[in-house]
Amino acid sequence: MARKRLGIKIDMTPMVDVAFLLLIFFMSTTQFKPPEAVAVRLPASSSEIHIPETNTILLTVTEDGRMYISSEQGMDAQEVPPGNLVPAIVSWRSRNPDAVVVVKGDREVDFGTIADLMDALGESKTLRFNLMTDFKKPKDRSSDN
């Protein structure tokens, strides 16, 4: 006589509970990028070189030509008058000599303002710096033919 097989029923409730607990844990411990103290619209480029996220000094130039200096988070941004730009750069570099200097200029700012900033960087012996841009993929030229 053939015995009837009994079906096995697995309760999935504990697994769902664990999945939601993990989701809540990762959502609550994730650090999001804080809002910028000085927001600018960056120019576009096709360079894929990434700047470091830590150990940087940000020099931000707004559309109206105002300049700010801050650390990598940007939350400690201080407006710098054009005449005090060289002493401000020297002061921030003396606090952290190994920091990478990043220039973050608005796409609508006059070139003369950026040239003045680069002159101030030269006077303060900051000869290496990065320009921050938005990444824009280059158009595929092979499809044009």
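The values are calculated or read from the model by the stated rules, or taken from the named source; none is laboratory data. Please read all numbers here as calculations on a predicted model, not as lab measurements. Positions of Cβ are generated from backbone atoms using ideal geometry, with glycine treated the same way; all protein chains shown enter the neighbour counts. Just so you know, the surface numbers come from the protein's heavy atoms only, side chains and all, with ligands and any DNA or RNA stripped out. Shrake-Rupley method; radii C 1.70, N 1.55, O 1.52, S 1.80 Å.
A few points about this structure:
- Listed residue (Leu22, Ile57, Thr133) projecting farthest to the positive dipole end of the chain, Cβ model: Leu22
- For Arg5, Arg66, the ranking by accessible surface with the largest value first comes to Arg5, Arg66, using a 1.4 Å probe.
- Excluding the site residues themselves, the longest part of the chain lacking any GluC sites (Glu not before Pro) in a DSSP loop with at most 12 other Cβ atoms within 10 Å is 54-107.
- Relative contact order [Cα under 8 Å, 6+ residues apart], the chain, whole percent: 26 percent
- Asp64 contributes an accessible area of around 100 Å² to the protein surface, as traced by a 1.4 Å probe with all chains present.
- Straight-line cross-link partners of Lys104 among the aspartates and glutamates, defined as a Cα under 13 Å from its Cα and at least 8 positions apart when in the same chain: Glu36, Glu63, Glu72, Asp134.
- The mean accessible area for residues of the chain, using a 1.4 Å probe and ignoring ligands and nucleic acids, is 79 Å² per residue.
- Structure-derived semi-axes √(5λ) of the Cα gyration tensor in Å: which label, when the choices are [x] 24, 18, 15; [y] 42, 19, 13; [z] 51, 23, 13: [z]
- Signed unit charges on C-beta, dipole axis of the stretch 1-117, positive-most listed residue Ser71, Ile89, Ile10: Ile10
- Centroid-to-centroid separation of the stretch 1-46 and the stretch 49-113 [C-alpha atoms, Å]: 38 Å
- Helical content of the chain, expressed as a calculated mean residue ellipticity at 222 nm, amounts to -9000 deg cm²/dmol (DSSP H runs of 4 or more residues, -39,500 (n - 2.57) each, divided by residue number, nearest 500).
- For the chain, size of Cβ-based charge dipole, Lys and Arg +1, Asp and Glu -1, in debye: 1220 debye
- Candidates Pro14, Pro52, Pro87: whichever shows maximal mean-square fluctuation once the chain is modelled as a Gaussian network with Cα springs under 10 Å: Pro14
- Degrees between helix 111-123 axis and first principal axis of the chain (Cα, 0 to 90, nearest 10): 80 degrees
- The accessible-area ordering, largest first, of the residues Met27, Met67, Met118 stands as Met27, Met118, Met67, per a 1.4 angstrom probe.
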